[in-house]
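Below: the structure, in structure tokens.
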Amino acid sequence: MRWSWPSLAVALVVWAILPLVVSRGTADLLVFTGIYSIAGLGIGLLLGHCGIVNLAQATFYGIGAYASAYCAVNLGLPAPVGFSVGALVSMALAYVIGRPVLRLTGYFLALGTLALSAIASALFFEWDWLTGGTLGIGGIPKLGLLGFALDRPSRYYYFVWIVAFGCMIVARNLVDSRTGLMLRAMRDSSTAAASLTVDIQGLRTRIFVVCALFGSIAGSLFAHHASFVSTQSFTVERSITFLLIPVIGGATSIPGIVVGALFVTFLPELLSKLGDFHQILFGLALVAVVVALPNGVMGAVESLWIRATRRSGHGG
Amino acid sequence: MAAESLLALEGVGHRFGGLTVLRSVTFDVPERRIVGLIGPNGSGKTTLFNIVSGYIRPITGTIRFDGTPLVRDSIQRRGAAGLVRTFQTPQVFEKMTVLENVMVGCCKLTRTSMVQDLLRTPAARRQMKAIREQAEVACERFQLTALRHLPAASLSAGQRRILEIARAVVGRPRLLLLDEPSSGLNQSEIESLREWIVRLNQEGMTVLLVSHDMALMTVADTVHTLYFGEIIASGDMAAIQRDARVREVYLGV
């Protein structure tokens, strides 16, 4: 399914006007949608193109957030330093841990990444000299760009989404490239891919590193938005939320990642107005989507699209 | 002659637990020839095939490919050296299109770093274009052009087999290993498969063919008969069919 220019132009206009017409609360959620899209993009690459369930994204999200917080607050360094330190530490960790962990397959691999998230979550708590423990790190400065303070959700929105679009373009490039071909080959049959010289372990590790990079960028963006980071933002539960993004939206579709991110940011908020049952309702909504749309929302849209174009094709 | 052999197995033996599946197998695959391997079920054909292609490491023996020892090399290194295999059950990439399947076969002819791919540099774009063009040519050649945008999952058994061969040879291997290529095919599909094997061989491809299909095996210059992990007879197909021991253990007459 390709986007036509008019629909793209409409989407762009809607995107540009949106934070100006919605409430501050909604704009805040839209910022989170952008941040979560970036984190979910990495998980989507692993899930949709490598068949790997990654339950460790909160780890890299946390590393990015703490790196930005620590560099900005404790060391007084400019924001790009925090972003870079987070990215480098996340990528190095993903590489070192990815090599052994990605040798596992299926459920064991999912459990391995879950363990990673649990360990990281415990370390974020224990290493209070670095992370501030439960008290966290507060007073993280808002970002500014060319003398323009991004101090309101409606302003930060543009910055976050431009970064998100950049990450989406990079992810799209990867999927369309020679590496993308080898990834999908490996997902469909690693046995045959190996015989065609696809380096299975190397490729899995590299995509894990890219996923960690996206997680870290999202974490840094989060830190500068929330101004305060603490352990409860980087728990295993957050990793599960990130995994839900491609599962709900459709792991192989980039618009699907945005749909998934909208689902996990907006739905709990909307349901919370309904009172005590909101978590149960969220759970039910989740089950309904997963059962009704096994390939995610965009997977379903795509098959409807194919059916519609075929029908119109036959009609004349 | 040893100097001409592309693949040389010497004393290759393997066992699974206490069960010896290969005793001491020695044979050569000369360059530009078709060598066949037959044997009843459980004779060790597939194990031997997996050893040559690198999926199993043998317990004893050596394998040389173009004079270089191969036993410690990974599947990928063997592939890069020019050895490619197909599978008893065709392993096509189901969710990818026919063209994409063939494109994967071309990937080893080019090199780009992942950073180049992420940034879609001009070099990455050129290489992708070259991969696509080569794959288009291969589709044309193997009469897959009409099917090239269909997912491989929608192909028939015969089409899958041809796709697997197209995908294997597009990377210009030196040795093509075919594992039971006629299984699951109908008569006309087997005939077309046979033509392909002959044509590829005429163009210079060396082939090691494992099959229980006697009719298909007539394409081979030399056939080795494996029985309980040992080669009990070697020669051309006519000689094999006359061999008393082969008739007794394999053909059951």
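Spin-label model, B:Ala130 to B:Thr20: label points 7 Å out along the Cα-to-beta-carbon direction sit 5.0 nm apart.
Look at the alpha carbon pairs under 8 Å that are at least 6 residues apart: their mean separation over the length of the stretch B:93-154 gives a relative contact order of 61 percent.
Remark: the A:Asn74-A:Ala11 segment gains 18.6 nm on full extension, using 0.36 nm per residue and subtracting the alpha carbon distance.
Compactness of the stretch A:1-43, taken as the C-alpha radius of gyration over 2.2 N^0.38 Å, stands at 1.39.
Per-residue ellipticity at 222 nm for chain A, helices alone: DSSP H runs ≥ 4 residues times -39500 (n - 2.57), over residue total, nearest 500 deg cm²/dmol?
Working: 14 runs with 235 residues, N = 316.
After summing the helix terms and dividing by residue count, I get -25000 deg cm²/dmol.
From the alpha carbon gyration tensor of chain A, can you work out the equivalent ellipsoid semi-axes (sqrt of 5 times each eigenvalue) and give them in Å, largest to smallest?
Values: eigenvalues 181, 135, 75 Å².
They are 30, 26, 19 Å, listed from largest to smallest.
Fully extending the segment from A:Ser227 to A:Trp129 would add 33.4 nm, taking 0.36 nm per residue of separation and subtracting the current Cα-Cα distance. In angstrom, the C-alpha Rg and Dmax of chain B are 19.0, 65. Restricting the calculation to Cα atoms, the stretch A:209-316 yields a radius of gyration followed by a Dmax of 17.2, 60 Å.
In vacuum, with every alpha carbon of the stretch B:44-155 counted as one equal point scatterer, what does the Debye formula give for log10 I(q)/I(0) at q = 0.16 Å⁻¹? Two decimals, please. Ignoring solvent entirely, the Cα scatterers give -0.92. Each label point was placed 7 Å from the Cα along the Cα-to-Cβ direction; for A:Leu18 and B:Ser74 their separation is 4.1 nm. Reported to the nearest whole Å, the Cα centre-to-centre distance from the stretch A:223-259 to the stretch A:24-49 is 6. Only Cα pairs under 8 Å and 6+ residues apart enter the sum, and on that basis the relative contact order of chain B stands at 27 percent.
Counting other Cβ atoms within 10 Å as a rough exposure proxy, the listed residues A:Cys50, A:Cys211 run A:Cys50, A:Cys211 from fewest neighbours to most.
Between A:Gly147, A:Gly166, A:Leu29, the Cα set farthest toward the positive side of the dipole of the stretch A:23-315 (charges on each charged residue's Cβ, about the Cα centre) is that of A:Gly166. Per-residue Cβ neighbour counts within 10 Å put A:Asp276, A:Asp128 in the sequence A:Asp276, A:Asp128, beginning with the fewest. Look at the alpha carbon pairs under 8 Å that are at least 6 residues apart: their mean separation over the length of chain A gives a relative contact order of 31 percent. Per residue, the convex hull spanned by the alpha carbons of the stretch A:15-142 comes to 139 Å³.
When only alpha carbons of the protein assembly as shown are considered, Rg and Dmax amount to 28.2, 92 Å. For B:Phe93, neighbours were defined as the other residues whose beta-carbon sits under 9 Å from its Cβ, and their charges (Lys and Arg +1, Asp and Glu -1) total +1.
At a Cα cut-off below 14 Å, give the aspartates and glutamates reachable from B:Lys95, other chains included and same-chain residues fewer than 8 away excluded. The reachable aspartates and glutamates, counting only those whose Cα sits under 14 Å from B:Lys95, are A:Asp188. Of the chymotrypsin sites (Phe, Trp or Tyr not before Pro) in the stretch A:257-303, the ones in a loop by DSSP (not H, G, I, E or B) with at most 14 other beta carbons within 10 Å are A:Phe277. The percentage of C-alpha pairs in the stretch B:93-154 whose separation is greater than 17 Å is 43%.
Taking the centroid of alpha carbons for each part, the stretch B:146-171 and the stretch A:130-162 are 52 Å apart.
Considering helices alone, the calculated mean residue ellipticity of chain B at 222 nm is -10500 deg cm²/dmol, with DSSP H runs of length four and up weighted by -39500 (n - 2.57) and normalised per residue.
Coordinate-derived values only; no laboratory data. Predicted model, so just to flag it, every value in this text is computed and none were measured. Don't worry about glycine lacking a Cβ; one is built from the backbone with ideal geometry, like all the others, and counts go over all protein chains shown.
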